[in-house]
Every structure is written in structure tokens, then in C-alpha cells.
Amino acid sequence: MTAAIEVLGVARQFRQSGGMLGTDRQIRAVDGVSFAVESGTCLGIVGESGCGKSTLARLILGLLPTSAGDILVEGQRLSDMDRKARARLIQPVFQDPFSSLNPRRRIRDIVAMPLQAQGITGRAQATRVDEMLSRVGLPGTIAERMPAQLSGGQRQRVAIARALVLRPRIVVCDEPTSALDVSVQAQILNLLAELQRELGLTYVFISHNLAVVEHISDRVAVMYLGRMVEQATTEALFAAPQHPYTRALLASVLTPEPGLGVPDVGLGDLYPDPANVPPGCRFHPRCPAAEARCAVETPAPREIDGRRVECLLA
Ligand code: SF4
């Protein structure tokens with residue numbers, strides 16, 4: 001198998017101005033992350049709100065430049081590609097189908113937009129739009145409607161049709177089911193899984209919902225404060241989590257509300273401020289297994305039986 005995506009030591013910092021004392025704060029949203037996604041597979045990325053997973057999605061989509069590191073898509077540096085080339089290779093599906101579709105345009109025009117941008121017009125464009133709407137399970141009559149006339153599930157199907165109309169090979173799904181009613185979430189998830197199989201797509205699937213990630217992913221990466229603290233096959237990670245943070249996430253019996261971050265995972269302290277990352281292991285203030293050295297030693301990633309774990313005790 002070849003890697004569709006390789007993320008190599010990627011970091012992204014933001015400067016946030018005007019804190020309490022009027023001083024700038026440096027937010028390390030993504031802080032030295034490395035992973036690869038094999039072609040035709042799905043990597044699920046989980047973590048609490050604020051862990052950096054949505055920033056990572058935007059970096060992989062080329063919507064934000066990296067502060068450090070490289071992203072390779074099918075062996076090419078993402079930063080060397082122009083917008084059109086990127087759009088042919090990699091497309092997003094975002095969380096909120098209500099805000100991601102232009103309310104003043106017909107569905108046909110919305111789905112056609114990526115084709116238009118590539119110079120595909122006329123009959124070829126219309127045929128591709130009709131094919132795509134049918135592929136995501138929408139009737140042809142939808143094409144002439146406006147977004148406000150559609151249900152949430154139908155709108156997310158339109159967003160998926162728009163993402164796939166250029167026949168990209170990679171799709172980055174950022175919480176694609178979180179804004180939907182629970183009854184519709186499973187339908188959209190099944191549709192995404194079916195399209196992945198039929199079209200041989202590679203997915204990066206970001207969610208705070210562990211059940212959703214377990215359902216669709218081949219591998220799972222767990223993010224905490226801008227780092228990936230554990231990566232493993234879905235089966236191995238759910239059967240025997242090695243990192244204390246992964247164990248805490250999996251032990252959480254609370255069901256996250258749609259649109260919210262991972263709820264209290266039973267770790268006591270609140271999620272740390274990303275502008276004030278703890279020294280040593282950044283998880284140590286909340287870690288039930290922490291030892292004295294965890295406050296001063298930074299764990300390096302270690303490979304153990306095909307999984308990667310960042311913990312001094314693993
Ligand atoms: Fe916990 Fe220490 Fe491992 Fe960090 S290095 S996860 S604090 S045991």
C-alpha cells in the first residue's frame with residue numbers, strides 16, 4: 001500500500017492579541033504531528049474540543065499554511081500545488097451543512113461550483129451534477145431547489161456531492177455528522193462508508209464521537225493539546241488502549257451531544273490552555289498515572305507493535 005497523505009512534523013501556531021495584560025499569546029494549535037494515511041483507508045482523529053483536530057484538518061486541506069513541517073499528498077508537497085490541483089485531489093466535508101451551502105443558490109449551482117472552477121461547463125457539467133446527486137441518494141428534482149427547502153440530512157448529502165463531484169481521491173471529513181439529528185447521523189455515516197468503498201477514497205475523519213470513529217475508521221489517532229498521543233489500528237486501540245488519555249476517553253460512558261466537544265472524561269482538571277502548555281508531558285496535570293518525572297521529561301513517540309504512543313511509561 002502507498003501513503004495517500006504523509007504529515008511530517010507539522011506545526012501550526014497562532015498569535016492571539018490582547019490578553020488580560022494586553023500581551024500577545026502564542027497558541028500552539030498543532031505542535032509537531034506526524035502520521036500517514038494509506039491509500040483507500042480511513043484515519044479517524046479524536047480528541048476534546050480545542051485539541052487541534054480542526055486546525056489539522058485545515059492544514060491537510062491547504063486552507064492554512066503550516067508553521068513547520070511538510071504535508072505530502074500522493075507524494076507531492078501540498079505547499080507546491082496550486083488551488084486547482086489541490087481541489088482535484090482533496091476535498092472537505094464540514095460539520096454544518098446549514099452554513100456551508102450558499103442559501104441564495106440552487107442546489108445544481110452549488111454542486112457545480114467545483115466543476116465551474118476547473119472550466120468544466122455545459123452538458124458535461126450538468127451530467128456530472130446529476131450523476132453525483134443520484135450517487136448520494138438524492139432525487140433529480142432536488143437540483144432545482146434552494147438549500148432552505150432541504151432537510152439537514154439532504155443538505156449534508158448535497159455537501160458530499162459537491163465534495164465528490166471532481167472525483168477527488170482524498171476527503172477530509174470534519175465532524176460531518178455532528179450537526180445532524182441522531183436518526184440521520186447513521187444514514188450519512190453509512191453513505192460515507194459506502195462511497196469510500198465504491199470510489200476507493202481515502203478519508204481523514206475527524207470527530208469527538210468515539211462510536212462514530214470506531215465505526216468508520218481503519219486506524220485511529222488520539223489528539224491532546226496539539227500532539228498525537230496514540231495511533232493504532234481501530235481494533236487494537238479500542239481493545240487495549242495504551243496511553244492514559246486514550247484510556248480515559250474510552251472509559252467515558254457519557255454520550256457526547258451533537259455539536260459539542262468530548263464531555264467530561266473523568267480527568268478532574270479542565271482542559272489546559274493551549275497558550276500555556278504544561279512542561280514535561282503535557283498531559284501530566286490530568287494524568288491518573290503520572291509520576292514525578294512526567295512533569296519534567298517530554299515523552300518521545302515510541303513504536304510498540306504497530307502502534308505509536310507518547311507516554312514515558314508505555
Ligand atoms: Fe501520564 Fe506520565 Fe505517560 Fe504523560 S508520560 S501520559 S503523565 S504516565
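The values are calculated or read from the model by the stated rules, or taken from the named source; none is laboratory data. It should be emphasised that the depicted structure is a prediction, and the values quoted were computed from it without experimental measurement. With ideal geometry, Cβ positions are generated from the backbone for all residues, glycine too; neighbour counts draw on all protein chains shown. The accessibility values were calculated without ligands, DNA or RNA, using every heavy atom of the protein model including side chains. Shrake-Rupley method; radii C 1.70, N 1.55, O 1.52, S 1.80 Å.
Here are the numbers for the structure shown:
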item	result
Virtual spin-label span in nm between Ser49 and Val182, 7 Å along Cα→Cβ	1.9 nm
Lys, Arg +1 and Asp, Glu -1 on Cβ, resulting dipole of the chain about Cα centre, debye, nearest 20	1160 debye
Tilt relative to the chain, helix 152-164 - C-alpha long axis, 0 to 90 degrees, to 10	90 degrees
Modelled FRET efficiency - R0 45 Å, Ala300 with Met146, Cβ distances, 0.05 increments	0.25
Highest-MSF residue in the chain out of Glu214, Glu194, Glu74 [GNM, Cα springs under 10 Å]	Glu194
Taking segment 70-221 and dividing mean pair separation by its residue count, relative contact order in percent (alpha carbons under 8 Å, at least six apart)	28 percent
Chain lengthening between Ala124 and Ala275 when straightened (0.36 nm per residue, less Cα-Cα)	49.4 nm
Relative contact order (percent, whole number), the chain, Cα cutoff 8 Å, 6+ residue spacing	21 percent
Gyration tensor verdict on segment 50-153 (Cα atoms; rounded if a/c is under 1.5, prolate if a/b is larger than b/c, oblate otherwise)	oblate
Within the accessible area of the chain (1.4 Å probe), percent carbon and sulfur	50 percent
Positive-end residue of Met228, Ala112, Cys281, charge dipole of the chain with Cβ unit charges	Ala112
Accessible area in square angstrom per residue, the chain, 1.4 angstrom probe	46 Å²
Accessible area (Å², 1.4 Å probe, nearest 10) - Phe35	10 Å²
